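First up is the structure itself, then whatever we jot down about it.
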Amino acid sequence: MTFKKYLWPVVGGLTIALSAWLLYKELRGLSLDDLSVSLLAISPAHWLMAGASSLLAYAALAGYDRIALMHLGRKVDWFFITVCSFTTYALSHNVGASVVSGAVVRYRAYSTKGLTPAEIGVLIAICSFTFILGTLLLAGFVLAYEPELLVRFGDLVPVDASAATGYLILALVGLYVVASFLKLRPLKLGSFNIVYPAPRVVLPQLIIAPIELIGAAGIIYFALPEVGNPGFMVVLGIFLISFSAALLSHAPGGLGVLELVFVMGLPDMNQADVIAALLVFRLFYLLIPFAIALVVILLFERSQFRRENPPDMQSGHEDGV
């Protein structure tokens, strides 16, 4: 138990240290003045587009929970789902170990709506799988469109890929969809049944997850200058690699991992411009939502405390004392 408690913090810490060292080797010539110039060079219109992309991403994230609840056959107020989803992802993206940190928030929130621990576990699994499905779907499209993408990373990503790889990934996603229409029987694991998602669940998965990832990648794309910009598809592909690596590393906020992958993936761009764009991403996608999420948690816990301890009970307790 003690080993598991410290495993992911240690993994995250080691990942940050390694990424920081590699990033330092890449950015030794970068100065704060260069970074300031790059930030000031971002036009107001592009700041607005980056902010709009962030709103699109977090709006889509609410759909993850909605899809999972649809699979469970549970009805929860849309506003509650939106706030819960926003808070979950705002915290997990910043804290790291997203499955664990997200599970704590979702359990606390959805247990107040009558969901059992088993149902909340399925909800978390569906949300995680929806993200994986969206990542695979977009990765397939990106590789089919830009088959030379992984060449940009040299030995950092020791995987060979081509347009055929992209088509294979898309075919696997297609099989998942076809299997949904075939209405396969539930898979029994002991006393637990795994029900294959119905088409009304699968089809929204194919829409919501890509929208969220496109919105998140859009923040970086709009913050990058036009000079040397390889286009949205390449930026999206680099984002899919960097964001997935950041999640797997369990480093809080993907610190160092995102920067390293993007700097190596955009060798033709000014490094200061790339880092400036990632700072904008961290501001809109991580820091501002994180600050709002902390306020939401405070208000939620305050309301729960008042509900569990109404004023008449508190006054009665005081009279008894």
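Condition check ((1) aliphatic (A, V, I, L, M); (2) closer than 27 Å to VAL83 by Cα) across all residues:
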position	(1), (2)
LEU213	yes, yes
ILE219	yes, yes
VAL261	yes, no
GLY265	no, no
PRO289	no, yes
ILE292	yes, yes
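Every residue, every condition in (1) surrounded by 21 or more Cβ atoms within 10 Å (Cβ to Cβ); (2) polar (S, T, N, Q); (3) at pLDDT below 90, yes or no:
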position	(1), (2), (3)
THR130	yes, yes, no
LEU137	yes, no, no
PHE141	no, no, no
PRO147	no, no, yes
ARG152	no, no, yes
ASP155	no, no, yes
PRO158	no, no, yes
ALA163	no, no, yes
ALA171	no, no, no
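Does SER54 count as modelled with pLDDT under 85 and not hydrophobic (A, V, I, L, M, F, W, C)?
On the way: modelled with pLDDT under 85: no; not hydrophobic (A, V, I, L, M, F, W, C): yes.
So SER54 fails the test.
Consider TRP21 carefully, then state whether it is in a helix (DSSP H, G or I), modelled with pLDDT of 90 or more, open to solvent by 30 Å² or more (accessible area, probe 1.4 Å) and of a type in the set (Phe, Trp, Tyr).
Values: in a helix (DSSP H, G or I): yes; modelled with pLDDT of 90 or more: no; open to solvent by 30 Å² or more (accessible area, probe 1.4 Å): yes; of a type in the set (Phe, Trp, Tyr): yes.
Taking the combined requirement at face value, the residue does not satisfy it.
Taking the criterion of being modelled with pLDDT of 85 or more, out of contact with any helix residue (DSSP H, G or I) (no Cβ under 9 Å at 6 or more places or on another chain) and not acidic (Asp, Glu), would at least one residue in segment 298-321 satisfy it?
Residues of segment 298-321 modelled with pLDDT of 85 or more: none.
No, the conditions are met nowhere in segment 298-321.
The values are calculated or read from the model by the stated rules, or taken from the named source; none is laboratory data. All figures in this text were calculated on a predicted structure; none of them were measured in a lab. Note that each Cβ is placed from the backbone with ideal geometry, even for glycine, and that neighbours are counted across all protein chains shown. Note: accessible area is taken over every heavy atom of the protein model, side chains too, but ligands, DNA and RNA are not part of it. Shrake-Rupley method; radii C 1.70, N 1.55, O 1.52, S 1.80 Å.
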